[in-house]
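Working notes, beginning with the structure itself.
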């Protein structure tokens, strides 16, 4: 990896952490407890569009670790990692291989659904309560809305990044 790639990774990790921390400090009114926009996924989508898969996973892993330690504590880490890493992997696959089927908004929605499903599975396993699955319809609807919003912002960010050639010299 060259210095340019290192710098890009550091910038993306820092932005993802800052966005996550801001989202946890500045509450965005949501009708359902526990639902958030997931704005750090904007950074994940930017990384998916311009970086290697391992770099995307590294960004998500570091963000999840740092944000879990700084906010909810290490007990939140299994939820964050399951949702973050699995959704990043699914979004990467959709973006890279199913580009004819999904727009950036579609990729973001799929990521939000995957994230919510992964966290729900982890909660069900840890709590050993299948009653958590009754929350699934609410999480699916919220994922459609939040994924669309995040995808819309990501689409705009990617257009601007491409127009400015920000990743043109990073390979």
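Tabulated results
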| quantity | calculated |
| --- | --- |
| Residue 114 being surrounded by 12 or more Cβ atoms within 10 Å (Cβ to Cβ) and under 14 Å from the mean Cα position of the chain (by Cα) | yes |
| Some residue of segment 55-69 being closer than 21 Å to residue 144 by Cβ and either assigned to a helix (DSSP H, G or I) or in contact with a helix residue (DSSP H, G or I) (Cβ under 9 Å, 6 or more places away or on another chain) (or both) | no |
| From 75, 44, residue being in a helix (DSSP H, G or I) and under 24 Å from residue 132 (Cα atoms) | 75 |
| Segment 67-99, residues that are modelled with pLDDT under 90 and more than 19 Å from residue 21 (Cβ to Cβ) | 97, 98, 99 |
| Selection from segment 1-10 of residues that are modelled with pLDDT of 85 or more and either under 16 Å from residue 67 (Cα atoms) or in contact with a helix residue (DSSP H, G or I) (Cβ under 9 Å, 6 or more places away or on another chain) (or both) | 8, 9, 10 |
| Pairs where the first residue, in segment 94-113, is free of Cβ contacts under 8 Å to residues at least 24 places away in the same chain and the second is surrounded by fewer than 23 Cβ atoms within 10 Å (Cβ to Cβ) and in a helix (DSSP H, G or I), C-beta under 6 Å, 6+ apart | 94/110; 102/94 |
| Condition broken by residue 53, with the remaining ones in (1) modelled with pLDDT under 90; (2) surrounded by fewer than 16 Cβ atoms within 10 Å (Cβ to Cβ) satisfied | (1) |
| Criterion (under 19 Å from the mean Cα position of the chain (by Cα), over 19 Å from residue 42 (Cα atoms) and part of a helix (DSSP H, G or I)) met by exactly one of 122, 145, 107 | 122 |
| Test: residue in segment 121-135 that is more than 24 Å from residue 77 (Cβ to Cβ) and surrounded by 15 or more Cβ atoms within 10 Å (Cβ to Cβ) | no |
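Residues are listed down the side, and each one gets a yes or a no for (1) out of contact with any helix residue (DSSP H, G or I) (no Cβ under 6 Å at 6 or more places or on another chain); (2) within 19 Å of residue 84 (Cα to Cα); (3) modelled with pLDDT of 90 or more:
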site: 106; (1), (2), (3): yes, yes, yes
site: 116; (1), (2), (3): no, yes, yes
site: 139; (1), (2), (3): no, yes, no
site: 146; (1), (2), (3): no, yes, yes
site: 149; (1), (2), (3): yes, yes, yes
site: 153; (1), (2), (3): no, yes, yes
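The values are calculated or read from the model by the stated rules, or taken from the named source; none is laboratory data. Quick caveat: nothing in here was measured; it's all calculated off a predicted structure. Heads up, the Cβs are rebuilt from the backbone with ideal geometry, glycines too, and the neighbour counts pull from every protein chain shown.
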